[in-house]
Amino acid sequence: MKNILCLNKIAAIGTDQLDKAEYNIGTDVQNPDAIMVRSAAMHDMTFGPELQAIARAGAGVNNIPVDRCSKEGIVVFNTPGANANGVKELAVCALMLASRDIVGGIKWADTLVGTEGVAKAVEAGKSKFAGVELMGKTLGVIGLGAIGGLVANIAVRLGMKVVGCDPFLSVEAAWNINHNVVKAASYEEVFKVADYVTLHVPATAETKGMINATSLAGMKDGVRIINLARADLVNSADIKAALESGKVASYVVDFPTDDTVGVPGIVTIPHLGASTAESEDNCAVMAAKELDEFLRYGNIKNSVNFPNVSMPMSGDKRLCLFHANVPSILSQVTSILAETGVNIENMINKSKGDNAYTVVDVTGDVSDAALTKLAAVDGIVKVRVI
């Protein structure tokens, strides 16, 4: 039986995907083979040698020490697209909030309690909350993946002109994007023409602070910015300065911080992007299925640190090798197996950046001596036998 530790409450519809006869699942599980997590911080955690995988029920993995996991041969999964519809719907709301002072208007209306002639007061005071319409405006979408693609498509149906940029756009994602969406060659090209800019990229060293004084200077005066991705994508000091100068008309962000709450022109949403029952269920189900496929068969799908690898299981045993993406490792692996009398039935190898993953199906048994030799190969991080 394999142990799965849940660091956060995971929707039962997800954990129910896992056969209770094969998995021990809970919040107090010891020596876990896998971990399911949502928002719990894991950077200070120590991982035991039993840990094979971490599944994040969501898209972002900044709460997980991914680099350390790679060095220890721990696969980190996320659930791209599982919460996309929930975030897309909030993005539509954010477009409206950026266009009209709806929040300010509602707060003002609440102050009219006890006022004689409320309707008359409303008609007299509503003009200060007026805004603009979306139709005919240009929306710039930064990142056209699972969420950004949906936002681009619905913006087209709202009558907006849409221009997007994604240097890492997959062929599969591109097929799902409305043909009316203009593909820009650079972020700067998007910034130059957009009336609205919406961000749908992960928080990385390259994207941190991508909206800053320099990028803002290349945008239209009165641009409206929406950030439902990560707070770190926008430089708080620069966005506040741009709001004060009128360069930016409004900023809607789903990640309130000490620097952004209560600032005129900034609408802070309390991280509601994926906070729907449907999104939480979808993420839990996807995370559970990813873990099950990996723990039972060694197949990987939707990992952020190792490549997607899937192969029908054949032979008597399956060797799963996590290693550096460097020359000669495969030749050493096949030589060791041949020397120890192991016949290879099937084999697949793929890489992702500096990390590689090799699956070898063999006939017969694999001796401890062979496993020791494989583990000793320079560059091999972990050897797992299924």
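Is there a residue in the stretch 301-318 that is farther than 24 Å from GLN17 by Cβ and either assigned to a strand (DSSP E or B) or touching a His at 6+ places or on another chain (Cβ under 6 Å) (or both)? Yes, because at least one residue in the stretch 301-318 is farther than 24 Å from GLN17 by Cβ and either assigned to a strand (DSSP E or B) or touching a His at 6+ places or on another chain (Cβ under 6 Å) (or both). Might you let me know whether the stretch 88-103 holds any residue that is closer than 18 Å to ASN3 by Cβ, of a type in the set (A, V, I, L, M, F, W, C) and in contact with a Lys or Arg (Cβ under 6 Å, 6 or more places away or on another chain)? No; the residues of the stretch 88-103 include none that is closer than 18 Å to ASN3 by Cβ, of a type in the set (A, V, I, L, M, F, W, C) and in contact with a Lys or Arg (Cβ under 6 Å, 6 or more places away or on another chain). You will find that of GLY140, GLY209, GLY136, the residue that is at pLDDT 95 or above, surrounded by fewer than 14 Cβ atoms within 10 Å (Cβ to Cβ) and not in a helix (DSSP H, G or I) is GLY136 and no other. Entry remark, the stretch 340-379: residues being assigned to a strand (DSSP E or B), in contact with a helix residue (DSSP H, G or I) (Cβ under 8 Å, 6 or more places away or on another chain) and open to solvent by less than 20 Å² (accessible area, probe 1.4 Å) number 4 in total.
Go through the stretch 1-18 and give me each residue that's over 16 Å from ASN282 (Cβ atoms) and either open to solvent by 80 Å² or more (accessible area, probe 1.4 Å) or among the charged types (D, E, K, R) (or both). Within the stretch 1-18, MET1, LYS2 qualify. For the residues VAL156, VAL197, the requirement of being closer than 16 Å to THR138 by Cβ and part of a strand (DSSP E or B) singles out VAL197.
Residue by residue, here is whether (1) in contact (Cβ under 8 Å) with a residue 24 or more places away in the chain; (2) closer than 19 Å to LYS382 by Cβ; (3) under 26 Å from the mean Cα position of the chain (by Cα); (4) open to solvent by 60 Å² or more (accessible area, probe 1.4 Å) holds:
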| position | (1), (2), (3), (4) |
| --- | --- |
| THR260 | yes, no, yes, no |
| PRO264 | no, no, no, yes |
| ILE269 | yes, no, yes, no |
| GLY298 | yes, yes, yes, no |
| PRO307 | yes, yes, yes, no |
| ASN325 | yes, yes, yes, yes |
| VAL333 | yes, yes, no, no |
| ALA338 | no, no, no, yes |
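In the set (1) at pLDDT below 95; (2) under 15 Å from LEU150 (Cα atoms); (3) of a type in the set (Val, Ile, Thr), the condition left unmet by VAL61 is number (2). Applying the set (1) under 29 Å from THR207 (Cα atoms); (2) open to solvent by 60 Å² or more (accessible area, probe 1.4 Å); (3) not hydrophobic (A, V, I, L, M, F, W, C) to GLU116 leaves exactly one unmet item: (1).
Contact annotation: residue pairs with Cβ atoms under 8 Å, 6 or more positions apart or on different chains, pairing a residue in the stretch 27-51 that is at pLDDT 95 or above with a partner that is part of a loop (DSSP other than H, G, I, E, B) and among the small types (Gly, Ala, Ser), are ASN31/GLY48; PRO32/GLY48; MET36/ALA57; VAL37/ALA57. Looking only at the stretch 355-386, residues that are at pLDDT below 95 and closer than 15 Å to VAL75 by Cα come to 0 in all.
Among residues of the stretch 55-70 that are without any contact (Cβ under 8 Å) to a residue 40 or more places away in the chain, those with a beta-carbon under 8 Å from a residue that is open to solvent by less than 10 Å² (accessible area, probe 1.4 Å) and not in a loop (DSSP other than H, G, I, E, B) at least six positions away or on a different chain give the pairs ASN63/VAL37; ILE64/VAL37; ILE64/ILE54; ILE64/VAL76. The stretch 19-97 holds strands (runs of 3 or more DSSP E) entirely within its bounds, and those carrying 3 or more residues that are open to solvent by less than 30 Å² (accessible area, probe 1.4 Å) map to 34-37, 53-56, 75-77. Quick one: is VAL383 out of contact with any Pro (no Cβ under 7 Å at 6 or more places or on another chain), surrounded by 16 or more Cβ atoms within 10 Å (Cβ to Cβ) and within 30 Å of GLY58 (Cα to Cα)? Against the criterion (out of contact with any Pro (no Cβ under 7 Å at 6 or more places or on another chain), surrounded by 16 or more Cβ atoms within 10 Å (Cβ to Cβ) and within 30 Å of GLY58 (Cα to Cα)), VAL383 qualifies.
With in contact with a strand residue (DSSP E or B) (Cβ under 8 Å, 6 or more places away or on another chain) and either crowded, with 16+ Cβ neighbours inside 10 Å or at negative phi (or both) as the only criterion, which of ALA184, ALA146 stands out? The match here is ALA184.
The values are calculated or read from the model by the stated rules, or taken from the named source; none is laboratory data. Because the structure is a prediction, the values reported are computed rather than measured. Cβ coordinates were reconstructed from backbone atoms using ideal geometry, including for glycine residues, and neighbour counts include every protein chain displayed. In case anyone asks, the SASA skips ligands and DNA or RNA and just uses the protein heavy atoms, side chains included. Shrake-Rupley method; radii C 1.70, N 1.55, O 1.52, S 1.80 Å.
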